[in-house]
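Notes follow once the structure below has been shown.
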Amino acid sequence: MSAPLELLAPARTAEIGIEAVKHGADAVYIGGPAFGARHGASNTVGDIARLASCAHRYRARVFVTLNTIFRDDELEQARRIAWQVYDAGADALIVQDMGLLELDLPPIQLHASTQTDIRTPEKAAFLAAVGFSQIVLARELSLPEIRAVRARVGAGPQAPLLEFFVHGALCVAYSGQCYLSHAHTGRSANRGDCSQACRLPYTLEDARGGIVAHDKHLLSMKDNDQGANLRLLADAGIRSFKIEGRLKDAGYVKNTTAHYRQLIDRLVDETPDVYARASSGRCTFAFTPRPEKTFNRGATDYFVHGRRPDIGAFDAPGFTGAASGTVAALGPDWIEVESDETFANGDGVSYLARGRKLAGLRINVARRVAGRWRLTPNAMPDPPDDLRVGAPIHRNHDQAFERVLERESAERRIGLALVLDPTPDGYALTVRDEDGVSARAVIVHPREPAKNPERARAAIVEGLGKLGATDFAATAIEVRLPEPGFLPAATINARRRDAVDALVAERERTRPRLVRARPAEPPARYPGRELTYLGNVLNARAREFYRRHGVELIADAYEADTTPGEVSLMITRHCLRYSHSLCPKEAKGWAPGVTAEPMTLVSGGERLTLKFDCRNCEMHVIGRRRGARPFPIRVASL
């Protein structure tokens, strides 16, 4: 059978999740009432139920994030939330804390969060063995590394689905292995409240105090874009393509979901014997998806094809916008731009100002003058601040594009074949959808001869095809009557509605449910006998879990505030020596055992030591804890 390819979209709210489904998502991930790794994206149980009701019509799925690490006093609340969202129709829980697996959870499928830091085949195999049905691999993996994971976990019906981020913001650290925010502010990334210290400006010093880079966003990555690599990722074993963005707005979700829906549909249509769609319905869009027009920091495919030199958004960590031309002339209150784009009043443009800082202008009036666009902003920069002839211009707000996204911008319809047959006392209408689900409605009506049989047949076909208020679109209509008779339009409409209502009920009755995987017995051994603070163990149940799986020494999570002194606050495959052409491996004569000298990151009064693990091509950001503030629990209404 062809392998389904899942498009997994984010949702900050149920309304955004519903838009994701309309725009082609096969699954949506969303925060519940508490304990999601984005504290600003909580939703009530009623929200989850409303989203699930919409998604299930298309056999799409809803995954609820329960992916922070828990204190002991939070586990019971987490358990209750798991049951509540399960009863509301959620199809899976996305989990980081292994303590949850020791609780009385509902029979809901479990997915391993990106926070579980799955970089090795051994870790992936372990998580599969303890009951995870879907695992999201680290964003840093290359195609050969993904293939190695697939080879280890297998590809059969019991093997876990491999999930991979294909679009959106990139955490510079391995997910789950960043403690910089907690160390400096008490706000923990593993507890859903990252302060995004990676987006701050830093100065980089070498081992002798020389300045390598000044006041740059050296830990800020460009945004992920794997649009050109989907076939390669699928062939390597990825089955779920995940879009980042649970804090993003509806326009971003609509645009990116539609973009990847089109790419995946094209891949499936080109290789139907290899890949299939993972839910029902085809989408039509009122716009042409352009992901560069909604929030992004530039594009990179990161490490999928190995280490690349240009992955950082060092100049500006915000939304630069799509390249839209160059400055051709400057006036006292206007700029003229050479561009193939069409500008409009209300657009926003950006440029790199002095010191390569991002600056922006809101355009009050945009008009064509002698083949150029004359843009009059609400205020000209004073001084000009590097807005000069020849400067590249980006558009970070496209008013016309945003207006389209604010309206109804997609329609999703399930293909439906309708057949009308004669019966002894009238007619039978059979409807069969693209998933093979069928229903039937009987029309008791005398078969009266029609004055014009061809016109009668056309009227019947037209009446049967009126599916506009439903989730369906007619792909075939067959009237198998030797001599079409007169059939009132009201009768056709009523029985068509009956057949569709019966089909909707049958679709729900036969909807495939995700099944909870059984953990291996005897319990699988964890790939290691010791867990440092990097294991993120914050509660007694997590300790019980790891002991049951063979771990003998278990340290507290960093968030317990018991880890002393300087430690790795961030571990990343991003390397600042490499980014600044100082990598020893790139130099002639490098040999194993030769390591790079430490460097220092400076931000305000904070100094962080950079140590380089050249053998594993990793950078460690070393520092100590300033002191932690109490972490607030934000709980949406149940």
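The values are calculated or read from the model by the stated rules, or taken from the named source; none is laboratory data. No experiment lies behind these values; they were computed from the predicted model shown. Methodologically, a virtual Cβ is constructed for each residue, glycine included, from the backbone with ideal geometry; neighbour enumeration extends over all protein chains shown. Surface accessibility is based on the protein's heavy atoms, side chains included, excluding ligands, DNA and RNA. Shrake-Rupley method; radii C 1.70, N 1.55, O 1.52, S 1.80 Å.
When restricted to residues that are over 17 Å from T430 (Cβ atoms) and open to solvent by 50 Å² or more (accessible area, probe 1.4 Å), region 456-465 contains 4.
When region 591-618 is filtered for residues that are part of a loop (DSSP other than H, G, I, E, B), surrounded by 13 or more Cβ atoms within 10 Å (Cβ to Cβ) and at pLDDT below 95, the ones remaining, listed by number, are A596, E597, C614, C617.
Checking each residue in region 433-469 for being part of a helix (DSSP H, G or I), without any contact (Cβ under 8 Å) to a residue 12 or more places away in the chain and within 50 Å of the chain's Cα centre (by Cα) picks out A458, E462. Assess whether A323 counts as being open to solvent by 30 Å² or more (accessible area, probe 1.4 Å), in a strand (DSSP E or B), out of contact with any Gly (no Cβ under 9 Å at 6 or more places or on another chain) and touching a residue at least 24 places away in the same chain (Cβ under 8 Å). So A323 fits the description; yes. Looking across region 258-280, just one residue is open to solvent by less than 10 Å² (accessible area, probe 1.4 Å) and in a loop (DSSP other than H, G, I, E, B), and that is S280. In region 92-122, the qualifying residues are those that are of a type in the set (D, E) and out of contact with any Asp or Glu (no Cβ under 6 Å at 6 or more places or on another chain), and the one that is surrounded by the fewest Cβ atoms within 10 Å (Cβ to Cβ) is D104. Take C194 and tell me if it is buried (at least 20 other Cβ atoms within 10 Å of the Cβ) and more than 29 Å from R61 (Cβ to Cβ). No; evaluated as a whole, the condition is false for this residue.
Rundown of residues vs (1) within 14 Å of the chain's Cα centre (by Cα); (2) charged (D, E, K, R); (3) in a helix (DSSP H, G or I), yes/no style:
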{"position": "P4", "(1), (2), (3)": "no, no, no"}
{"position": "P10", "(1), (2), (3)": "yes, no, no"}
{"position": "A20", "(1), (2), (3)": "yes, no, yes"}
{"position": "A25", "(1), (2), (3)": "yes, no, no"}
{"position": "Y29", "(1), (2), (3)": "yes, no, no"}
{"position": "R50", "(1), (2), (3)": "no, yes, yes"}
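Go through region 366-384 and count every residue that is more than 14 Å from E338 (Cα to Cα), open to solvent by 70 Å² or more (accessible area, probe 1.4 Å) and either modelled with pLDDT of 90 or more or of a type in the set (G, A, S) (or both). Adding up the residues that qualify gives 1. If the condition is being closer than 21 Å to P107 by Cα, open to solvent by 10 Å² or more (accessible area, probe 1.4 Å), in a strand (DSSP E or B) and of a type in the set (A, V, I, L, M, F, W, C), then region 123-179 contributes only L161. Selection within region 398-418: residues that are surrounded by fewer than 19 Cβ atoms within 10 Å (Cβ to Cβ) and touching a Ser or Thr at 6+ places or on another chain (Cβ under 9 Å). The member of this set that is nearest to V253 (Cα to Cα) is E402.
Checked against (1) assigned to a loop (DSSP other than H, G, I, E, B); (2) open to solvent by 60 Å² or more (accessible area, probe 1.4 Å), R297 passes all but condition (2). Filtering V567, V515, V537, V551 for residues that are open to solvent by 70 Å² or more (accessible area, probe 1.4 Å), hydrophobic (A, V, I, L, M, F, W, C) and farther than 30 Å from R455 by Cα leaves a single hit, V515.
Among the residues of region 45-85, which ones are closer than 12 Å to V28 by Cα and in contact with a Phe, Trp or Tyr (Cβ under 9 Å, 6 or more places away or on another chain)? Matches in region 45-85: V62, F63, V64, T65. Run F70 past the list (1) assigned to a helix (DSSP H, G or I); (2) out of contact with any Pro (no Cβ under 6 Å at 6 or more places or on another chain); (3) not charged (D, E, K, R) and report the number of the one that doesn't hold. Looking at each condition in turn, F70 falls short on (1). Restricting attention to region 432-455, the residues that are surrounded by 15 or more Cβ atoms within 10 Å (Cβ to Cβ), among the charged types (D, E, K, R) and over 16 Å from L503 (Cβ atoms) add up to 1. Looking at A3, A52, A9, just one residue is crowded, with 22+ Cβ neighbours inside 10 Å, modelled with pLDDT of 95 or more and within 24 Å of H259 (Cβ to Cβ), and that residue is A9. The C-beta contact set for region 523-538 (first residue closer than 20 Å to S568 by Cα, second residue surrounded by 15 or more Cβ atoms within 10 Å (Cβ to Cβ) and among the hydroxyl-bearing types (S, T, Y), distance under 6 angstrom, 6+ apart or interchain) comprises Y533/Y558; Y533/T563. Residues in region 502-510: is at least one aliphatic (A, V, I, L, M), surrounded by fewer than 19 Cβ atoms within 10 Å (Cβ to Cβ) and under 30 Å from G623 (Cα atoms)? No, region 502-510 contains no residue that is aliphatic (A, V, I, L, M), surrounded by fewer than 19 Cβ atoms within 10 Å (Cβ to Cβ) and under 30 Å from G623 (Cα atoms).
Evaluating R208 against the criteria (1) part of a helix (DSSP H, G or I); (2) basic (K, R); (3) at pLDDT below 95 leaves one unmet condition, (1).
Taking (1) closer than 29 Å to A258 by Cα; (2) touching a Pro at 6+ places or on another chain (Cβ under 7 Å); (3) open to solvent by less than 30 Å² (accessible area, probe 1.4 Å) in turn, L387 satisfies each apart from (1). Exactly one residue out of P512, P519 is in contact with a helix residue (DSSP H, G or I) (Cβ under 9 Å, 6 or more places away or on another chain), in a loop (DSSP other than H, G, I, E, B) and closer than 25 Å to Y86 by Cα, and it is P519. For region 327-347, a tally of residues being in contact with a Gly (Cβ under 6 Å, 6 or more places away or on another chain) and under 28 Å from K216 (Cβ atoms) returns 1.
For region 76-91, a tally of residues being open to solvent by 10 Å² or more (accessible area, probe 1.4 Å), part of a helix (DSSP H, G or I) and not aromatic (F, W, Y) returns 6. Restricted to region 326-340, and to residues there that are among the hydrophobic types (A, V, I, L, M, F, W, C) and farther than 13 Å from Y351 by Cβ, the residue that is surrounded by the fewest Cβ atoms within 10 Å (Cβ to Cβ) is A329. Go through region 466-478 and give me each residue that's surrounded by 18 or more Cβ atoms within 10 Å (Cβ to Cβ) and in contact with a helix residue (DSSP H, G or I) (Cβ under 9 Å, 6 or more places away or on another chain). The answer is L467, D471, F472. Going through (1) of a type in the set (S, T, Y); (2) within 20 Å of I414 (Cα to Cα); (3) under 16 Å from the mean Cα position of the chain (by Cα) one by one, T294 falls short only on (2).
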